[in-house]
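Structure first, commentary second.
The values are calculated or read from the model by the stated rules, or taken from the named source; none is laboratory data. What you see is a predicted model; the values in this text were computed from it and never measured. Glycine also receives a Cβ, built like all others from the backbone with ideal geometry; neighbour counts cover every protein chain displayed.
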Amino acid sequence: MTTQYDAIVLGAGAAGLFCAATAGQRGRRVLLIDHAPEPGRKIVISGGGRCNFTNVHTAPDRYLSGNPHFAKSALSRYTAADFLALVESHGIAWHEKTLGQLFCDGSARQIVTMLLEECAKGGVTLRCGEAVGEVEHVDGLYRVRHGAHEASAPALVIATGGPSIPKMGATGFAYDLARKFGLKVVQPRPALVPLTLPGDEALFRELSGVSTEIVARCGKTAFREAALFTHRGLSGPAILQISSYWKRGDTVTAQFLPDRADGWLRELKRERPRLSFRKALGDGLPERLAEALCARLGLEGELGALTDKALGAAEARLARWPFVPDGSEGFAKAEVTAGGIDTAELSSKTMEAKRAPGLYAIGEAVDVTGWLGGYNFQWAWASARAAGQAI
Ligand code: FDA
């Protein structure tokens, strides 16, 4: 027997839960299906268990997409302040950590509970632990097999996210379904992901665990945040951010000691000629990193014994230290997936597919990828709201 709904939402993650709640509260009969045993698993592990649920600096230029204008409409109609108002209406305590990032004071589970309560208010039927089988479009209705059941509705929302962190139940299902209905997919790639370094950078891999603030640059993009050396290469917020812009073969530069003005080593030589080069770097950098950089620069001894030319060259190198990553840690470690369902296929107002009426795509499944820091959840909420108001 086929159960009739007004809308079927595939994927009970951030976007799917919020979309189902929005549509349900508008009086739509909504079925929300997920193959995972419980909803919102990525929310639960997000932000170190406290969920960085939005960012007060949300703006379209903080998103990567084949069409940089696509996200504008949804983001302007459902803002960080709107989501914060919802969080507060559920009595969830929150704090701003850094760079406009808003986190729960308590557990990320509070956000899942809030979304489930919103779904309950809208009378949403939630089915977890059910594999989605065949999906067809017949006589203006989408028919979905799920577990041993079949449901149909005039609207179908793809909210199954991207393939990052497959062990959490993430799949490329959204792309398969989009292609089935004739929609193009921009090549998915891991984003917000640690980068790996080749063997000749082994010196840096020995620094595993060392962290320092840098400006990471790739092309014209730069982020000033902490970087972390790992046994495979580079991580930390600055590297995760720049990884979204990195392509194989690109150089990433690290500006160490980003507050030092041009000529700082030469100035220090005049002020404190007896100071060792290693100590000069060590004042502002972790000791192990200072040692590794000295070894790489091939400079040692007192500043007074080094030429201005050598110190000038060292300053320049420290300001643009080049790394050529040989890859990334891939979807297994990527916080999000860049690329996805091509925005050219979708209405930016409703998220409906232009060539498949009644089919919608939202959240990470779409080719819109935010910076680190709550931007990806804000896109999930905003795109979900846009679709939830349209279906
Ligand atoms: P999401 O992945 O949340 O949901 C997709 C759902 O679809 C899942 O429940 C999945 O089980 C289901 N599904 C997949 N395939 C299916 C299939 N074939 N059939 C049925 N169901 C299927 N962002 C942020 O803004 N702030 C943060 O603090 C963090 N922190 C963070 C930490 C970690 C470790 C990760 C991996 C990611 C983050 N993110 C984040 C990113 C954030 O989690 C991500 O952008 C959103 O969860 C995307 O929401 P979606 O609903 O689009 O996908």
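Once segment 161-177 is narrowed to residues that are more than 13 Å from LYS42 (Cα to Cα) and more than 6 Å from the ligand (Cβ to nearest atom), the residue that is surrounded by the fewest Cβ atoms within 10 Å (Cβ to Cβ) is ASP176.
Scan segment 181-235 residue by residue and report those that are β-branched (Val, Ile, Thr) and either under 27 Å from PRO163 (Cβ atoms) or modelled with pLDDT under 95 (or both). Selection gives VAL185, VAL186, VAL193, THR196, THR221, THR230. Of all the listed residues (ALA254, ALA280, ALA292), the sole one being among the small types (Gly, Ala, Ser) and free of Cβ contacts under 8 Å to residues at least 60 places away in the same chain is ALA280. Kindly indicate the residue of segment 84-104 that is polar (S, T, N, Q) and surrounded by fewer than 16 Cβ atoms within 10 Å (Cβ to Cβ) and also farthest from the chain's Cα centre (by Cα) among those meeting that condition. Filtering first and then ranking leaves SER89. For beta carbons closer than 7 Å, sequence separation of 6+ or different chains, a first residue in segment 370-385 that is outside the structural domain of HIS69 (by TED's automatic domain parsing) and closer than 14 Å to HIS57 by Cβ and a second that is polar (S, T, N, Q) and within 7 Å of the ligand (Cβ to nearest atom), there are no qualifying pairs. When ASP262 is tested against the conditions (1) of a type in the set (D, E, K, R); (2) surrounded by 21 or more Cβ atoms within 10 Å (Cβ to Cβ); (3) assigned to a loop (DSSP other than H, G, I, E, B), the lone failure is (2). Does VAL186 count as more than 15 Å from the ligand (Cβ to nearest atom), surrounded by 14 or more Cβ atoms within 10 Å (Cβ to Cβ), within 24 Å of ALA338 (Cα to Cα) and among the β-branched types (Val, Ile, Thr)? Considered against the rule, which asks whether it is more than 15 Å from the ligand (Cβ to nearest atom), surrounded by 14 or more Cβ atoms within 10 Å (Cβ to Cβ), within 24 Å of ALA338 (Cα to Cα) and among the β-branched types (Val, Ile, Thr), VAL186 comes out as yes.
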